[in-house]
Amino acid sequence: MEIQQADYRQVLRSFEPQTEFFVGVDSDGCVFDSMEVKHKECFCPMFIKALKLQSVSKFAREVWEFVNLYSQTRGSNRFLAVTRALKLLGERPEVIKRKCHLPSTEALEEWAARTNPLTPAALVAEFERTKNPDFQPFMDWSVDVNRAVKEIMKGVPLFPYVKESLDIARVKADVFIVSQTPTEALKREWTENQIYQYVRYAAGQEVGKKSEQIRCITEGRYAPEKMLMVGDSPGDLKAIKANNGLFFPIVPGREDEYWKKLAEEGLERFFNGTYKGAYEDALLKEFANCLPSDPPWKQ
Ligand SMILES: [Mg+2]
C-alpha cells in the first residue's frame, strides 16, 4: 500500500502545468448520477440485511438516506457512515421501543480513528490481527455491498451539461479527477462515457484523502484563487478549502441546474477573477442549506 501510494503520488507530482488554472472534479454523485441508486438499492438494503435491522427497517432506511444522501455527512467513507447511521438509529424512540439489538460500533470506531485509508481490505487485516468478532458484521456488510454494487450499478448516466462544462474548463485549465474511487475504475468509467479526454489525470483513492490529492497536484504550481473544485459533498468543499482554493457545488437534487450554471457563468467568473467573494459565498450558502446537520425526525 505504501509503495503503491508513493507511485501514484510520483506520477501526479511529475506533471507540468499547461495552464495557470486548476480545476478538480469529483466523480461519484457529481459527474455521475450514481448516489441515489447506489445508496437506495445497494448500501441501504445490505445495511438492513447484514446488520439484522429488519424489525426497524423503516427507520434504518430513513437514517441511512439522511446520513449518506441528504445531510452534511453525504459522501463520507462507508465505515464512518455506518457508525453514524447506527448511532442515530439507536437514539430513535421507535427503535428503543422495538428492542432491536444493534451491533456495537466501538471497535470499528476505535479502528477508524487510527487508520488511513479506511478500506475494506484494511478492515479485514485488522480483523485477522485482532480476531475481534465485533468486526464481523461490518465485514459481511461491506462484502454484500460490493456484490450489490457490481450487480446493480450498470448504465449509470452523466448529469446533463457535464460534457459542456468540461469542454469549456479544459480550454483554460488543467482538469483533474479528484475522487475516492480506485484510479483504474475512474479511468474506465470516464473513458466509457467519453469524458476522459477532457482531463489531464485521474487522482483516485490510492493517492490519499482528497485534501492530500489536491495538495499533491497543486502545491507550488497554482495560485489559490486559480484553483477550483467541483463537487457534491461537504468533503469536497473541505478538501479544497484545506488548500485555500475555491468551490463550486453541484447541489444534490438540483444537479442539472448547477452543471448548467457552471457552464454558463461559474467557469467564466473563475477565469476572469470574479468568482471569489459574493458569488462563491452565495453558492456555498445554497449548498449548506440543502445539507442539514440535524435529522428531520429530531426537529
Ligand atoms: Mg461525490
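Coordinate-derived values only; no laboratory data. Since the model is a prediction, treat every value here as computed from it, not as a measurement. All Cβ positions, even for glycine, are placed from backbone atoms using ideal geometry, and neighbour counts span all protein chains on display.
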field: Cβ-based charge dipole, the chain, positive-most Cα from LEU228, GLY204, LEU102
entry: LEU102
- line: Listed by chain and number, the residues whose amide H is under 5 Å from that of PHE21, excluding neighbours fewer than 5 places away on the same chain and using placed H, are ASP174
field: Alpha-carbon centroids, the range 143-195 and the range 240-279: separation in whole Å
entry: 19
- prompt: So, counting K/R as plus one and D/E as minus one, what does the shell of residues with Cβ under 9 Å around SER179 add up to?
  reply: -1
query: TYR201's amide H: which non-local residues (gap 5+, or another chain) put their own amide H closer than 5 Å, with H modeled 1.01 Å from N in plane and none for Pro or chain starts?
result: ILE177
task: Go through the range 163-172 residue by residue and turn each phi into a ³J(HN,Hα) via Karplus (6.51, -1.76, 1.60, θ = phi - 60°); whole Hz please, and just put x for glycine and proline.
output: 4, 4, 5, 5, 5, 6, 4, 5, 5, 10
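Kindly provide the helix-only [θ] at 222 nm of the chain, computed as the sum of -39,500 (n - 2.57) over DSSP H runs of four or more divided by all residues, to the nearest 500 deg cm²/dmol?
Taken over the chain, the calculation gives -14500 deg cm²/dmol.
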Sequence of LEU108, LEU262 once ranked by neighbouring C-beta atoms within 10 Å, starting from the fewest: LEU108, LEU262
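Starting from the range 129-205, pick out the chymotrypsin sites (Phe, Trp or Tyr not before Pro) whose DSSP state is loop and whose Cβ has at most 16 other Cβ atoms within 10 Å. Mind showing how you got there, number by number?
Working: sites: PHE135, PHE138, TRP141, TYR161, PHE176, TRP190, TYR196, TYR198, TYR201; in loops: TYR161.
Answer in residue order: no site qualifies.
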- request: Convert each backbone phi in the range 30-35 into a coupling constant with the Karplus relation 6.51 cos²θ - 1.76 cosθ + 1.60 (shift: θ = phi - 60°), then list the ³J(HN,Hα) values in order as whole Hz, x for Gly and Pro.
  value: 10, 7, 9, 7, 10, 5
query: What GluC sites (Glu not before Pro) in the range 12-48 are in a loop by DSSP, with at most 16 other Cβ atoms within 10 Å of the Cβ?
result: GLU20
query: Quick one: Cα centre-to-centre distance for the range 64-97 and the range 40-57, in angstrom?
result: 12
message: Within 10 Å of each candidate Cβ there may be at most 15 other Cβ atoms; applying that plus a DSSP loop requirement, which trypsin sites (Lys or Arg not before Pro) in the range 242-299 survive?
response: ARG254, LYS276
message: Could you compute the net charge surrounding ALA50? Neighbours are other residues with a C-beta less than 10 Å from the C-beta of ALA50; K and R count +1, D and E count -1.
response: 0
query: Applying the Karplus parametrisation 6.51 cos²θ - 1.76 cosθ + 1.60 with θ = phi - 60° to the phi angles of the range 76-88, what ³J(HN,Hα) value in whole Hz is obtained for each residue in order, glycine and proline being reported as x?
result: 7, 3, 4, 7, 6, 5, 5, 5, 4, 5, 5, 5, 5
